[in-house]
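Single-structure report; data block below.
Derivation of every value follows stated rules applied to the coordinates shown; laboratory data play no part. Just so it is clear, the model here is predicted, and its values are computed rather than measured. A quick note on method: Cβ atoms are made from the backbone with ideal geometry, for glycine too, and the neighbour counts reach across all protein chains shown.
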Amino acid sequence: MIRHIVLLKWKADTTPEQRAAVLERLQTLPPAIPELRSYTLEENIGTDPGNFDLAIIAEVDDLAAYAAYRDHPLHQAVIHESIRPNLEARAALQVR
């Protein structure tokens with residue numbers, strides 16, 4: 001199993017509506033991408049300044065499934081249309 005973990009930090013001027021739109025679009029991915037075995041979205045509760053705002057945890061069977069998820073057109077559309085315009089910082093890793 002491969003776990004893909006992404007942390008996103010929004011730009012200061014990202015509105016609650018824009019954040020909600022990103023979450024809504026991300027939630028459409030699991031039913032559309034069969035390679036996803038588990039998909040979790042976790043919003044930071046804001047207890048400490050400077051932390052990231054959103055964690056995305058995607059689990060797939062293997063590296064081929066990860067590549068299928070990473071490159072899926074719907075996933076790429078969410079990244080380019082909803083995430084990147086609002087993104088201050090991103091961190092990611094893949095673990096076994």
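So here's what we get for this one:
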read-out: Subset of the range 47-93 (residues that are farther than 27 Å from GLU17 by Cα, surrounded by fewer than 14 Cβ atoms within 10 Å (Cβ to Cβ) and either touching a residue at least 60 places away in the same chain (Cβ under 8 Å) or touching a Ser or Thr at 6+ places or on another chain (Cβ under 8 Å) (or both)); value: ASP61, ASP62, LEU63, LEU93
read-out: In the range 1-20, the residues that are exposed (fewer than 15 other Cβ atoms within 10 Å of the Cβ) and among the hydrophobic types (A, V, I, L, M, F, W, C); value: MET1, ALA12, ALA20
read-out: Single match in ALA21, ALA67, ALA58 (criterion: part of a helix (DSSP H, G or I) and within 28 Å of MET1 (Cα to Cα)); value: ALA67
read-out: Lone qualifier among HIS75, HIS80 - being assigned to a helix (DSSP H, G or I) and within 21 Å of ILE2 (Cβ to Cβ); value: HIS75
read-out: Set LEU41, LEU36: member being under 15 Å from ARG70 (Cβ atoms) and either of a type outside the set (Asp, Glu) or loosely packed, with under 11 Cβ neighbours inside 10 Å (or both); value: LEU36
read-out: Residues located in the range 27-55, provided they are in contact with a strand residue (DSSP E or B) (Cβ under 6 Å, 6 or more places away or on another chain) and in a helix (DSSP H, G or I); value: PRO30
